[in-house]
Every structure is written in C-alpha cells, then in structure tokens.
1. Name the residues in segment 407-423 that are surrounded by fewer than 17 Cβ atoms within 10 Å (Cβ to Cβ) and at pLDDT below 90, would you?
2. Is there any pair with a first residue in segment 472-486 that is without any contact (Cβ under 8 Å) to a residue 40 or more places away in the chain and a second that is of a type in the set (A, V, I, L, M, F, W, C) whose Cβ atoms are under 8 Å apart and which are 6 or more apart or on different chains, and what are they?
3. Restricted to segment 333-360, and to residues that are among the β-branched types (Val, Ile, Thr) and under 17 Å from residue 386 (Cα atoms), which residue is surrounded by the most Cβ atoms within 10 Å (Cβ to Cβ)?
4. Just checking, how many residues over segment 154-165 are surrounded by fewer than 21 Cβ atoms within 10 Å (Cβ to Cβ) and in contact (Cβ under 8 Å) with a residue 12 or more places away in the chain?
5. Going residue by residue through segment 458-469, is there one that turns out to be of a type outside the set (Gly, Ala, Ser), out of contact with any Lys or Arg (no Cβ under 9 Å at 6 or more places or on another chain) and free of Cβ contacts under 8 Å to residues at least 60 places away in the same chain?
6. Any residue that is more than 26 Å from the chain's Cα centre (by Cα), outside the structural domain of residue 323 (by TED's automatic domain parsing), among the hydroxyl-bearing types (Ser, Thr, Tyr) and under 23 Å from residue 171 (Cα atoms) - is there at least one of those in segment 81-102?
Amino acid sequence: MTESSLRLRVGTRNSRLALVQAQGALDRLHERLPAVAFELDEHSSPGDRDRKMDLQASPEDFFTRDLDDAVLEGSLDAAIHSAKDVPEAPREGLDWFWLSDPADPRDCLILRPGETRADWPDKPRIGVSSDRRVSWCESSVPQAEHLPIRGNIEDRLEQLDAGAFDAILMAGCALVRLGLADRITEWIPLADLPTPQGQGSLAVTFRVGDDRFARLRGLSAKPVTFVGAGVGDASLCTVAGIDALQHCDVCLHDTLMDPALLANLPAGATCIDVGKRAGAHTVAQRDTTQMILDYARRGKRVVRLKGGDPCIFGRLAEEVEALDALRLPYRVVPGISSLSVMGASTGILVTRRGLSNGFSVMTGRGEGGKITPAGDADRLKLPIVFFMAISAWPDLKAQLVADGLAEDTPAAVVLNAGAAAEQVLRGSVTTIGDQIAAAVEGIEGKPAGLIVVGDVARFGFTREWGALQGDRVLLTCSEVLQDEACRAVRDAGGIPVSLPLIRMSPTPEASEAAMAAADCDWLVVTSPSAVRCLMKGLRTSGGDLRAWPSIMACGPGTLRELEAAGLKADAVPTSGFGAEGLLPLAEERIAKGARVLRVRSDKAGPSLAEKLRGQGAEVDDVCIYRNESVAKGELPYFDVAFFASSSAVTAFVDAWGIDPLGTKTVLAIGQPTAKALRSSGISTPLISPEATVASAIAHLAEDRVNAAIPMTVPQ
C-alpha cells in the first residue's frame, strides 16, 4: 500500500486553539494510519462572528453549525470540534465520535502574571462564560463580582492583563494545547467545579453511512458489553460478567437483578438504572438505546447489565440492531436464566429421561403488553433446538419434512458453542446436512453441537465493526499477562483466544536476591514477572521491603506491578520500554562505582548487566525465575498470533512448527521477540513500537484500520 492512498478533507474553526488542537489530532491519526492523509480546512462559526451574545444564552450549535452544514453538503468529509461544543443531539444525517486520549478536563483560575489571590481587591472581578462557573464563584469566592467574558483564549488573556478582570476561569486544556500552561494560577478540582461532558475531548462529525469514518472510529470506540446478571443472587453472575463490570466506565442496568452486583463497579463509573417492570419503565427503551449509542461513541467502556440471560427475552435484538446500524462494536456475556435457576432450586426439571425430552418456552406478553397467543398453531411456529443431534440429523430432517415443515426453512448448526473452536453453519433444512458432514469430516468422535430450525436461524451478531473486525487473536503470553491482553483485544473489537504457552517459576536465587537488595544502591527490574518473583522471594526470606534501594524499572507493566506491591520506581524511561531503553537513563542516574542488582529471567541473558558494567557500575546479575513451556494439545482456530516473548515463540514452534502461522498475521511485542520469530522462519511479523501489551494490540488495530479505510467508500 502506498503512503497516503486516501485523502480526507476535515474542517475546523479558524481560531488558533481550534487549529492547533485539530492539526495535532490529525497528525496523530496520520502517524497511526499512514495510508490516510488529512487536509485541514478553516471555517468560521456563528460563535466566532458574533462576539456580543452571552454564551450562556447561545444556541447549542453556536460553534458547530457552519462546519456541520459543510459536512452534510459534502464539501467536507468530516469536522473536528471541541466535544463540549457538539449539541447533545446532532442533526439528522450526522454521525460522530470522540477521539481517544483526552486532555485534562479541569477548569483553572488565571490571574495576571506574578499575582496571587492576596493581590485581589475586596470585590474581585472574575470573568466567566457559563452558569456552572458562576455557581463556583458564588460558593468559592462569594465576595467576587462575576462578569461575562467573550473572545478566544488570547483575547481573554489580553482583557485580564489590561485590567478588565482580576481573574478569569477557563478550561486548562486550552491553555496547555496553546503552550500557555505557565499562565495557569490554580487548577480547580473536579469535585469543586464539575466540567461538561467532553471538556478536554475532541469530537469528529461525519455523514451517516460513511464507512471510512466508521472504520476509523474503531480506534476509539470500545465494544458495548451486554452482560447477563443472572437472577436473584449476585453470585450467579459469571466471572466474565464480573470482570466486565470491574473495568467499565458506564453501567446501564436493569431493575430485576441483585443490586450487590453494582459494588463491582470501579470508583467514578457512571451507573444508571434503566430497568423495566410490568407496566412501569424507569427509562423508555428508545432512551436506553440512545444512551448506549452515545456513551459508546464517546469511547467509554459500556456495560448493559441485563437480568438473567440477555439472549432470552432480554430485548437484546433491538439494542444490537441499533449498534449494527451505526457500525459500533459489541459483545455478549451470557447469564444464568430464571429457567436454569428454577430447576436448580426447586427440582422442577423440564427434561427428565423417559418423561420429557424437551420443552417450549414463551413469553406471556407480546408487543405493547398484549397477551401472547399460545394455541397449538402458535407453539408450532416456535424455533426448534435439538441437543445432541448431529449424527441423528438425517432422520430428524425426514421426520420434520414428513410432518409438513418446508424444506427451505432456515436452519443453523453451532458446533462447540462458546469455546475457542466455535463454528456456525447456516443454511436450510435441505442444505444443512451436507454442511454438517463437511465440518465434522476427519474429526475424531462428534463435536458438541446444537441444531436450530426456524426463522431465527437466519440472524446473527456482527463482529466486524471494531478495529480488529472480529479477528480471533491467539494470546500466547504467560497467564500473568492474559487478563490485560484479553481486555486490550476486546476493546479493539477482536476475540481473544487464550493460550498461555509459558509460565514463570521462581528460582532459589529469588529469595537471596530479595535479601541482597538492601546492600545495593540500585535495583534494576525489567519485567512484571521479575517483580512478582522478587516479592515471593522476599516473603520466603523474611526480608524488609523498607531496606530496598532506589528502583529502576523499564515500563508501564513493571510500574503497575511495583505499585501493586507498594513500591515506587525512582527512574523510568519515557520511551523504549525494554531492557535496552534503560541504558541512557542508567548512564545519567547511576553513579560510577554504584552497586547494582539486576534481576531477570533465564531467557533475558546477561547483556544488560554487561553494558551497565561498561558504564562503570558494579553489577550483580541474578536469574530469579525461569520461563517454562506449558504443554498444549490441539491448536485452536485464530486469525492473529500474538507473541509477548521469545520463550513463547520457542514453545509454539516446538509444539506445532511454523506451518500454522503461514497465512496468519503474526504480532511481536518488540524487537527481541521479532528476532526470535525471524530466526524461526517468520520473516514479516508486525512489531509493536513499545514493548508493552497495550502498544502491541494498538499497533495491530492501527494496521487493520489502515488497511480497511482506503477500501471503503461513502454509501
């Protein structure tokens, strides 16, 4: 693919702030998507032309109207706005999303250079431009006179410096983006002055149906997760459901569930009751659906928490269809339904050998609250699901057809439902038998399978809206990294296939190193696993954590592990998160003759220690854990193979060779892992810019979007 094979015209306001922040955002996008070039067009807006109207009385689209007109007319492909300026309900024909990496959303207080609050007169004049800032003045500086202020950032600063005000309130991110952070006198805590949704974020508006921007949005929008809460008891929610709750930004929950589940939400998460009971809706369904769409387009991790199992009478189809219409990604975590709980708690088993070999399930309520017809003819129209019937299908088909079922009735087969090897076959009563035969040919025994007969067999979830477009990503990293890697893949719209191929085993030297650290000047740690093994060694030896020296760490993953252990790194590189990235920092921070303890795995090798010695340090190089291969059986189906270490590469090749990787995308966490892949015969792996899981999966997502955007055109 040639550099910048697609050119997109993007508009923004012609203020200096708008131009700076829009150009910066487009530069970052182009860096991630080199196949796309962005041309920035300057436009004015009613808010730029009318400097007299009080902003508190201005229309919602005061700063977006002209740009969005140009997008709808087709003279612009998209527009970039400050997200807080975008109307709550954009105009018909427009779609939108927020770009990732927002700035600090807090407001700040600005005084003249060199002044403090002590220099204020008895009744200071504070320039404000919103009701919420007026409220802050009234509560925090009750003696102040609050006056309306207009103009761009530079204009407002000039008014302040000229004496029109004694202080002004503004969004701090605006000053930071303009290189004027030195003008900030005080940052105001969000608890004292909440800011509008979107302050610090940038929003992109584009025409509905433009697949180019729908694909590009995949880099920002995370899949909405529909979670089955189970019924009656929080303990009946699945582990996957709890994990989704623990990492969400927004939870929209039903009423018929155990409220104890909400204790799993992280601090600061938005929690909204959208539940329904017979005849009483807390929130209308259309409003619930709209909230799902809006929060997803803001880049939030959204959990739609439904009672029981969302796939059974959960109105899941309506919400999923709305996401499909906007090409927004989603996934479903099933739950335990009341039907399952009933059997477990009462002993009323709807299947009993010799008595009942199946059952019908219906809702008693139809659309609009009407009673559902339940006569013989109505029950016969229900879908039929056959368990354990793969080999019996020819006889079952003959019986169904003999009983009057049309041969073109849709049918589907789900093999290994929910497992890594899941496979879905779709056809009709006539054709599905041949598909079953082809799918199970050569497989020892018969795979577990469900056969579905009826119109519902025509439908299915769409996996292609996220950046990874439903790719199954094989995660060969150790169990320690699996949670982070799975979450990153799901956030990017992929399906994680967990297959840890190595485990970390502490050596006896881990305890000795934990004790010896107290006699050193520096401890150098280059992996999360090293931190964990060192802490195990400390517990075994009974050493004192408080006696440890200054710590040099290599990246975000190691930092998180240190923080979890109650430790703080004293030196961390700002980029180049790997052992080699430490060398320039070490030369700057570690004095010649200093005693250094370098702890590592058996695969890391002594190279870093030798180079530190070359810089004049006295280095003890200690192997505190070993990478051991984990025996694995059948290789599951995958589209991408992710390797986070050379050890995992070795384990994979030893188990299956390189042939299974021949037609797949192969992703390496950094140069050492890429080198191991090349040595094994994989010549062109994708290589993450930084040696972290987050960087690797983000790089994979960018590669997928970069390839997909030029091939799509507006509808």
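The values are calculated or read from the model by the stated rules, or taken from the named source; none is laboratory data. Remember, it's a predicted structure, so these values are computed and weren't measured experimentally. Using ideal geometry, Cβ is built from the backbone for each residue, glycine included, and neighbour counts are taken over all protein chains shown.
1. Scanning segment 407-423 gives 416, 417, 418, 419, 421, 422, 423.
2. 482/475; 486/475
3. That would be 350.
4. 5
5. No, the conditions are met nowhere in segment 458-469.
6. No.
Yes/no matrix, rows are residues, columns are (1) under 20 Å from residue 154 (Cβ atoms); (2) aromatic (Phe, Trp, Tyr); (3) touching a strand residue (DSSP E or B) at 6+ places or on another chain (Cβ under 8 Å); (4) part of a helix (DSSP H, G or I):
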{"residue": "48", "(1), (2), (3), (4)": "yes, no, yes, yes"}
{"residue": "60", "(1), (2), (3), (4)": "no, no, no, no"}
{"residue": "70", "(1), (2), (3), (4)": "no, no, yes, yes"}
{"residue": "76", "(1), (2), (3), (4)": "no, no, yes, no"}
{"residue": "79", "(1), (2), (3), (4)": "no, no, yes, no"}
{"residue": "101", "(1), (2), (3), (4)": "no, no, no, no"}
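A quick yes/no check of all residues on (1) at pLDDT 95 or above; (2) not acidic (Asp, Glu):
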{"position": "57", "(1), (2)": "no, yes"}
{"position": "65", "(1), (2)": "no, yes"}
{"position": "92", "(1), (2)": "no, no"}
{"position": "106", "(1), (2)": "yes, yes"}
{"position": "122", "(1), (2)": "no, no"}
{"position": "131", "(1), (2)": "no, no"}
